[in-house]
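Participant: Following this message is one structure expressed as structure tokens.
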Amino acid sequence: MTTATKEKTQERTQRADARRNRSAVLDAARKRFGEDGMDVGMEEIARTAGVGVGTVYRHFPHKRDLIIALVHEHFARLAEGAAEALEKEDAWESFREFMRWSVRAAENERAIGEFLGNSPELGEIEVQQTGLAERTEKLIRKAQRQGKMRKDIVIEDVPTFVCSVSSVAASHSGSIAANNWERLVEITLDGMRACPGTSKLPAPNRRLGEG
């Protein structure tokens, strides 16, 4: 093996190690932010990722850089989900499944939602750059052409839907609202369909009015 070949091999290995470390840091940050909120320090994230804190700062010089990377990944995954939904024949059923999945994703990564609450412009940029807005709008129009969605539903209704339901899901643990967020998803979706009132709701988790 020549010196040039060895150098190229080492360079490829270093790049692969860097990608693994970056991925580990992002996974650790997602986990720690989800469990403990945005106050978690970079040192704690490094420990969770199993890397040195210097490695974290090489990839993400500032904590905001790390959060922005997580935001981008979040919207990129949603955009992929929207693309998959567009490929299916029944646009209304695809839209319903995509909305359910989007709410769960928002609930699972509620720390990102909290960050975006203070930086809404970042979310607006990401939905455009990742193609999420365009794909979701196409899915809406497809469902409307098929006669299965209300004609007056617009793309702006989607973030309102996802944010409102995910905020209920993230409310006080064990509360009636938090326990019944899946019913709220179905009720809201039912209001979007061309013939509302025909969806089967999940069984409620009762506390009030029992007996």
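Participant: Can you work out which of the residues in region 26-52 that are outside any helix (DSSP H, G or I) and hydrophobic (A, V, I, L, M, F, W, C) is modelled with the highest pLDDT?
Facilitator: Step one: list which residues in region 26-52 are outside any helix (DSSP H, G or I), which gives 37-41, 50-52.
Add one more test, that the residue is hydrophobic (A, V, I, L, M, F, W, C), and what stays is 38, 40, 51.
Details: Met38: 85, Val40: 91, Val51: 94.
Per the criteria, the residue is Val51.
Participant: Checking the conditions here, which among Asp27, Asp39 is under 21 Å from Ser119 (Cβ atoms) and not assigned by TED's automatic domain parsing to the domain that holds Ile112? Give the steps one after another, and end with the answer.
Facilitator: Values: Asp27 fails: under 21 Å from Ser119 (Cβ atoms).
Sole residue among the options that is under 21 Å from Ser119 (Cβ atoms) and not assigned by TED's automatic domain parsing to the domain that holds Ile112: Asp39.
Participant: Just to be sure, is Val71 surrounded by 16 or more Cβ atoms within 10 Å (Cβ to Cβ), assigned to a loop (DSSP other than H, G, I, E, B) and not aromatic (Phe, Trp, Tyr)?
Facilitator: Details: surrounded by 16 or more Cβ atoms within 10 Å (Cβ to Cβ): yes; assigned to a loop (DSSP other than H, G, I, E, B): no; not aromatic (Phe, Trp, Tyr): yes.
For Val71, the condition - surrounded by 16 or more Cβ atoms within 10 Å (Cβ to Cβ), assigned to a loop (DSSP other than H, G, I, E, B) and not aromatic (Phe, Trp, Tyr) - is not met.
Participant: Having 1 or more residues that are at pLDDT 85 or above is the bar; report the helices (runs of 4 or more DSSP H) wholly within region 117-209 that clear it.
Facilitator: On the way: elements: 120-129, 132-145, 157-169, 176-179, 181-192.
Result: 120-129, 132-145, 157-169, 181-192.
Participant: In region 141-152, how many are surrounded by fewer than 20 Cβ atoms within 10 Å (Cβ to Cβ) and out of contact with any Lys or Arg (no Cβ under 9 Å at 6 or more places or on another chain)?
Facilitator: Step one: list which residues in region 141-152 are surrounded by fewer than 20 Cβ atoms within 10 Å (Cβ to Cβ), which gives 141, 144-148, 150-152.
Cutting the leftovers down to out of contact with any Lys or Arg (no Cβ under 9 Å at 6 or more places or on another chain) gives us 141, 145-147, 151-152.
Counting residues in region 141-152 that are surrounded by fewer than 20 Cβ atoms within 10 Å (Cβ to Cβ) and out of contact with any Lys or Arg (no Cβ under 9 Å at 6 or more places or on another chain) gives 6.
The values are calculated or read from the model by the stated rules, or taken from the named source; none is laboratory data. All figures in this text were calculated on a predicted structure; none of them were measured in a lab. Every residue, glycine as well, gets a Cβ built from its backbone with ideal geometry; the counts of neighbours run over all protein chains shown.
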